[in-house]
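Inspection log for the structure reproduced underneath, given as structure tokens.
The values are calculated or read from the model by the stated rules, or taken from the named source; none is laboratory data. Computed from a prediction, not measured in an experiment: that's the story for all the values here. As a convention, Cβ positions derive from the backbone with ideal geometry for all residues, glycine included, and neighbour counts pool all protein chains shown. For the accessible areas, the whole protein counts, side chains as well, though only heavy atoms, and no ligand, DNA or RNA atoms are used. Shrake-Rupley method; radii C 1.70, N 1.55, O 1.52, S 1.80 Å.
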Amino acid sequence: MKGKWWSWWLVIVLTLAFWLRLWRVGELALWYDEASFYWAASKPLADLIAYTLKATFEHPPFAFILYHFWIKFAPNNEFSLRFLAMSFSILAIPLAWRLTKFWGSERLAFLVSIVFAFAPFGACFREARMYPVMLVLSLSSLLLFSSLLRNGYSAWRVASLLAVNGLVFFTHYYALWLILWEFMWLGLEAYRKKGLKQIIGGFALLFALIAGWFLASKGLRLSVSLVLGQPKLKAFVDIERAFIGVIIGGPLVEPIPLAVKVAVLLTWLSGLWGLRKTKNGLAWLSLIIFPIALSLAFPWSNINPRFFLYVLWPLALSWALQLQLNHSFWGRIQGLLLWTVLIPLWFYGWHLHFRLNSAENLYREALRKLEFMEKPGDKLFLYGPSHFHLFNYYYRGFLQPENISLEKIYNLQQRAFVLGLAGWASDPKGEIIKALREEAYLAWENWLSDWVYVGLYYPPPTLSYGNQAQFYRPESPHRLFLPLVLSGSGKPTIEGETKTQTKEFAGGLSFTLTEIKGPILHPYDAIYYTLCPSLSNHQTIKGLFFNIRLYDDEGKLWESQDYPIYSGCTKAAFVIPWGLPSGVYKAIAQVYDARYGDFLRSVDGEPWITHPISVQNDWPAKIVPTNPKNVTFGGVVQLLGTDRWPAEIEQGASLPMTLYWFAPDGFPEGLERTVRLQGKEGEFVASFESELIKTGSAFKSLTDRISLKIPGRVPPGCYSITLEVKHVHNAVLRWEGLAEQRLFGVSLGKKWASGEVYKLGEIVIIPIPRSFRKPYVANPFEAKVEGVAKLLGYEFDSSEARPGGSLRLTLFWQATGEPEISYTVFTHLLGPDGRIWGQKDNPPVKGSRPTTTWVEGEYIADEYTIPIHPEAPEGTYTLYVGFYNPQTMERLPAFGANGQRFPNDAIPIATVEVARK
């Protein structure tokens, strides 16, 4: 193939590499190291250099300086921050091409460029950090090194090499191993030729510069002194992970399967063996061995595969030699086997890359939830190691974060948010979580994953006795001295009203509930509950939740909260919601069993019922919505603002929204508001319309909670959320207020405006992940549900099929229609007596994929865990499935493969043996 054709192939590789690095680059949140790098690069230039001199375990300043100037001109978002890294990453590919072509053929250079373009190690080359810069400088250094070896030791070549090596050292300290290797090899070669003085003299100047930086950098000296005492065993473990990371990417934060380790070892052995065929093979082999040997001798903390960027080129060169189209039979077999090992490893590495970043995406989501709920005066505790920089980049609220500690928990005096990122890493014994459960009252929590947590806690209430008060909590050695709190000081002071009730349940289980509340409650005040089980057996209370519901005197449900029940006492703070109308309420508490989807029935058959709860709502005078609007409709009602909603939402999901209203003269009857989702062409794709309030002018403030259902098949894109207010049978009320003005997407500030339809904001609808590839089904079973889907088969696990156990079931559907009704799937386990002893009904995929989101031809894997009643008799059971309309309770017609309709439209898919084990 002629040279110009290889150039075109290089352009194709560069294009594909660019799109690979571009994929989801702006969607993925920054991870901690990127946020930390951004924080340092954002400093003023003098402060930045001073920081790199003083900070321990920090990188040198060159890459920081590059990003410092980039940040000044680039927009502040994930895409623009990573674009500079992507640019360096793409530049590295033609450099690797040129370096390989220097020693071999264009075909060999093409194969090396493929490795640099698609190896998952390249994932770190699109991070907003120093590694892409280090890679480009390292390849440039190796190219100049190669030129010196082949073309002689001219002064400008030596000067160019020293300049590049200086830059690569001031990009990453681990480049020192590359510099020492080049010095030793060039010195050995120059000893045989002319130029030894130039090499020694030039590198002496470079080493003098490095020594000067070492003496000036207090942080570097301290870091070196710390790592020299690191156990060698730790270094060996880190080196192993570095070996793996060079092949599949990094950093690695989870156990790597043994099969992957074996495959990585084979690729390394192949790479080292293949270097025997290269020119200067001994030099490239030593380039791999030398830095690893020095790393073992002088172990750095948490050795990372990114520190060895320059070893990727000799490995890629060796692989390329073996992947060439050899004419011999065994040569082709060898190349095929290498491809067979490399490609799965690369797929695995890219998969790991996106999985590891998902924790930061969830962390960003947790911050959005936090911003929706915070208010002035709250505390915010960060739980977990080192997420201040990530927090500072994404947090847009007004609270000042603090590191959580036992002392702060034991002396908590105001409500507090706890934001966790890998909290177990800094709390391996669970002392923080234990203290929170014992000392604080949980108001709300959300585990977004095993890594990310956000929760809201209230301090113990202060019981007031006359003019004095004391904290309602036990003594602790961690607690500081606290003065007595007087009633009305702003602390959660209770005037001594408590109530204790005990209820018994089946199996010898009983719960004692203590309630503490004040005589008059306001928004953000809490009712404090302590629920203590009689049995501390973890298995007995596993899956139990404490449920509290708030009703008005007409039986309308206003609020419901669930709290997990622990083996000790469970402390819950039931918070009075924003805008709850003034009045008298009652709270009903029950124990909910999530395993069976039902409340536990007490011996007396009654739930816990509290004393009357008096609520006085002066909310508009002291509460500010997180997204203020201050728009008046018809001079009658004022929209104070809304809660913030997420920036994007999937097709078919429900968008919860809260609107905050104020009517100085009370709300008139017959007032309606309509919230719509509107496309760019003005079309309405979803709406929520109802009467704003039915109670007339009794209330002046209102918290208006709605749920806007997003159609399951609406085209993805950006949509507007609009609001319209009108009287029943009357004209629309015009709005007046300040509204943001935009020109070509650029904000021109807020101006006074008016109109009939008010724009609340925008939201991006993203597509649901769909599969159109037929899945493998272990147990094929052909049936059809009219107008909805075809059943392909099922998988189930009956190992726990016993009384009190469960049956795991996965149904495989193929959509044959696109229903406009959200149908419910029923799964019934009928015993030999014809009774239903196990049942689980819900919309498909646990409600996340209702039939209104199905597209004809797609495949859906629908999982269920069907609980079996503890009193179920032994015998052979039949498992039936099907669909029904939850509004009419009518089942959809179901037919077998022969076209015959099933009795009762229930599909008998399998028989199950239920026996006591």
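Of all residues in segment 154-168, those that are closer than 17 Å to E189 by Cα have Cβ atoms under 6 Å from Cβ atoms of residues that are part of a helix (DSSP H, G or I) and open to solvent by 40 Å² or more (accessible area, probe 1.4 Å), 6 or more apart or on another chain, in V158/Q198.
A residue that is modelled with pLDDT under 80, surrounded by 12 or more Cβ atoms within 10 Å (Cβ to Cβ) and polar (S, T, N, Q) cannot be found anywhere in segment 712-723. When the criteria are applied in full, L708 meets the requirement of being at pLDDT 80 or above, under 30 Å from P843 (Cβ atoms) and open to solvent by less than 50 Å² (accessible area, probe 1.4 Å). The set of residues in segment 160-172 being open to solvent by 30 Å² or more (accessible area, probe 1.4 Å) and outside any helix (DSSP H, G or I) consists of F170 alone. Of note, P780 does not satisfy the criterion of being of a type outside the set (K, R), within 30 Å of S720 (Cα to Cα) and open to solvent by 10 Å² or more (accessible area, probe 1.4 Å). Of the residues making up segment 662-685, not one is open to solvent by less than 10 Å² (accessible area, probe 1.4 Å), within 33 Å of the chain's Cα centre (by Cα) and either at pLDDT below 85 or of a type in the set (K, R) (or both). Within segment 837-891, being small (G, A, S) and in contact with a helix residue (DSSP H, G or I) (Cβ under 7 Å, 6 or more places away or on another chain) holds for one residue alone: G882.
Somewhere in segment 755-764, is a residue of a type in the set (G, A, S), more than 29 Å from the chain's Cα centre (by Cα) and either at pLDDT 80 or above or within 30 Å of T851 (Cβ to Cβ) (or both)? Scanning segment 755-764, I find at least one residue that is of a type in the set (G, A, S), more than 29 Å from the chain's Cα centre (by Cα) and either at pLDDT 80 or above or within 30 Å of T851 (Cβ to Cβ) (or both), so the answer is yes. G834 meets each of the listed conditions (1) part of a strand (DSSP E or B); (2) free of Cβ contacts under 8 Å to residues at least 12 places away in the same chain apart from (1).
Can you tell me which residue is farthest from Y38 (Cα to Cα) among those in segment 379-388 that are at pLDDT below 85 and not small (G, A, S)? Restricting to residues being at pLDDT below 85 and not small (G, A, S), the top hit is P385. The residues of segment 504-563 that are part of a strand (DSSP E or B) and open to solvent by 50 Å² or more (accessible area, probe 1.4 Å), listed by number, are E504, I520, F545, L557, W558, S560, D562.
Looking at W39, W70, W31, just one residue is surrounded by fewer than 17 Cβ atoms within 10 Å (Cβ to Cβ) and of a type in the set (F, W, Y), and that residue is W39. Scanning segment 300-313 finds one or more residues that are part of a helix (DSSP H, G or I), modelled with pLDDT under 65 and under 34 Å from the mean Cα position of the chain (by Cα).
Taken together, the residues in segment 82-105 that are outside any helix (DSSP H, G or I) and out of contact with any helix residue (DSSP H, G or I) (no Cβ under 8 Å at 6 or more places or on another chain) amount to 1. When residues in segment 481-503 are screened for being outside any strand (DSSP E or B) and either at pLDDT 80 or above or open to solvent by 30 Å² or more (accessible area, probe 1.4 Å) (or both), 13 of them pass.
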